[in-house]
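Q: Before I ask anything, let me first share the structure, which is written out below as structure tokens.
Values in this text are rule-based calculations from the coordinates and carry no lab data. Remember, it's a predicted structure, so these values are computed and weren't measured experimentally. No Cβ is skipped: glycine too gets one built from the backbone with ideal geometry, and neighbour counts run over all protein chains shown.
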Amino acid sequence: MAHIVILGAGIGGMPCAYELREMLPKEHKITVVSAVDYFQFVPSNPWIAVGWRQRDEIVLKVGPLLEKKGIGFIPSAVTAIDAPGNQVTLADGQVLVYDYLVITTGPKLAFDEVPGAGPAAHGGGGHTHSVCSVDHAEAFWADYQEFLKNPVGPIIVGAMPGASCFGPAYEFAFIVDADLRKRKLRHKVPMHYVTSEPYIGHLGLGGVGDSKSMLESELRNHDIKWITNAKTTKVEAGKLFTTQLDEHGNVVKEHELPFKLAMMLPAFKGVDPVAAVPHLCNPRGFVLIDEFQRSKAYKNIFSAGVCVAIPPVEVTPVPTGAPKTGYMIETMTSAIAHNIADELAGKPATAQGTWNAICLADMGDTGAAFVALPQIPPRNVNWFKKGKWVHLAKVAFEKYFLSKMKSGNSEPIYEKYVLKALGIVRLTDR
């Protein structure tokens, strides 16, 4: 009997647990460990932040869902990983011995890399918001409601140096714009988009299709001014300081931007107990893996999602990272499930995830979608499109994924047909 321990109960950990349970004989034990006792559908956090969703619409208690499928669940943070000894220590004092460890923890949010950044409740005293967690989105919503009582003053949205997930920043800028327009208040609120990207629509991917021209046009049409190559250096109450660079890294201008509300996505790092394991991670704490999602240092450790090391698509004047989208994460976890199942059956690991970037970004009553296959150029598929269908698809995907987490179905037929319509083949469709 093997014991597989999965760290994290998010978009990576939950599907991985379900797929492993579906593939493995019952004598093998699966345990999911998470610092919180709920699953949150992170892509919906921008809607939470403007009151378009409520917490209970995108959050699920995972214990009963996993237990119904014969999967163990422990709601406790990991404090240490003894990779040579094949065990993890939890905050509640438990020590779990594993045969396989799957790391899907997600990232540590590196607000501390920019003084004054981050939600006030995160580390105490920060002046910017985030939509990286449902708690952070709710904190923005609380301040936004106060702002709406006297909606006069600027809003800043964007991404800090080293950020890698730019889609939600664009999405949030347009969602806030749409919400203010619906309230007939947009004319009172100047907006700035401040990003470490070298140009609008870079997305950490070197651009996708017509993303540059289309997103510039959208920002211009919505009267959202922008600063690119922005090296944000500090934040004070009501003021963001950023240095604008040119393509060679030379200083173009120093900006002091006033704001009433600011949502700046942070850079990511690996979570502390993972980053502390010798030889497991790169200097920023991301797990170094081979083509089979396996640690390069420990053959019984696999990893998927935002916590894995993926090199930037290109060097940029202000550091940017490559995004890890939901579809990419699901293919990673599916590869892990297949490889562990094969190894337990005495076969070699051969399954590989498809590192392709697919994103549906809501823009209020319309949306933008991009597909980059593969993520690193040159690409076989490379397009960026806008339309109301994307908004509808994003809403439908939210409902579908939450339903999938509730049912424990690792791959409904619906998903296969939708992905094939986009010209995409899942790992298990090959």
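Q: Can you give me the pair-distance distribution of the range 111-265, C-alpha pairs, 10 Å bins, whole percents?
A: With 10 Å bins starting at 0, P(r) equals 11, 43, 37, 9, 0.
Q: Expressed in nm to one decimal, what extension gain is obtained for the pair L185 and K406 from 0.36 nm per residue of sequence separation less their Cα-Cα distance? Before the final figure, lay out the partial values.
A: Values: separation 221, 0.36 × 221 = 79.56 nm, distance 3.85 nm.
Net length gain for the segment: 75.7 nm.
Q: Mean residue ellipticity at 222 nm from the helices of the chain, using -39,500 (n - 2.57) per DSSP H segment of n ≥ 4 over the full residue count, to the nearest 500 deg cm²/dmol? If you can, show how the numbers build up before the last one.
A: On the way: 12 runs with 126 residues, N = 430.
About -8500 deg cm²/dmol.
Q: Continuing with the same structure: Enumerate the whole-percent occupancy of each 5 Å bin, from 0 to the last occupied one, for all C-alpha pair distances of the range 306-355.
A: 5, 19, 20, 18, 14, 11, 6, 4, 2, 0
Q: Relative contact order, percent, of the range 44-182 when contacts are C-alpha pairs under 8 Å separated by at least 6 residues?
A: Across the range 44-182, relative contact order equals 23 percent.
Q: Can you give the charge dipole size of the range 111-265 about its Cα centre, rounded to the nearest 20 debye, using +1 on the beta carbon of Lys and Arg and -1 on the beta carbon of Asp and Glu?
A: Magnitude of the dipole: close to 640 debye.
Q: Now for a separate question. Using a simple charge model, +1 on the beta-carbon of Lys and Arg, -1 on the beta-carbon of Asp and Glu, nothing else, what dipole does the chain show about its Cα centre, in debye to the nearest 20?
A: Details: 43 positive and 42 negative charges, 178 e Å.
In total the dipole reaches around 860 debye.
Q: In square nanometres, what is one fourth of the surface area of the convex hull spanned by the alpha carbons of the chain? Let's see the in-between values first.
A: On the way: hull surface 78.6 nm².
Average of the hull's projected areas for the chain equals 19.6 nm².
Q: Another question, if that's okay. Cα-based Rg (one decimal) and Dmax (whole number) for the range 1-144, in Å?
A: Rg, Dmax (Cα atoms, Å): 17.1, 52.
Q: Let me ask something else. At q = 0.12, 0.17 Å⁻¹, what is the base-10 log of I(q)/I(0) for the range 257-414 according to the Debye formula with one equal point scatterer per Cα and no solvent? Please give it to two decimals.
A: Values, matching the q order: -0.69, -1.25.
Q: Which of A262, A178, P273 sits farthest toward the positive end of the charge dipole of the chain, with +1 on the Cβ of Lys and Arg and -1 on the Cβ of Asp and Glu?
A: Looking along the dipole axis, the top candidate is A178.
Q: How many percent of Cα pairs in the range 46-124 exceed 17 Å? Walk me through the numbers on the way to the answer.
A: On the way: 2141 of 3081 pairs.
Of all Cα-Cα distances in the range 46-124, 69 percent exceed 17 Å.
Q: Could you pull out every one of the aspartates and glutamates with an alpha carbon less than 16 Å from that of K299, ignoring same-chain neighbours closer than 8 positions?
A: Hits, sequence-local ones excluded: D82, D99, D290, E291, D342, E343.
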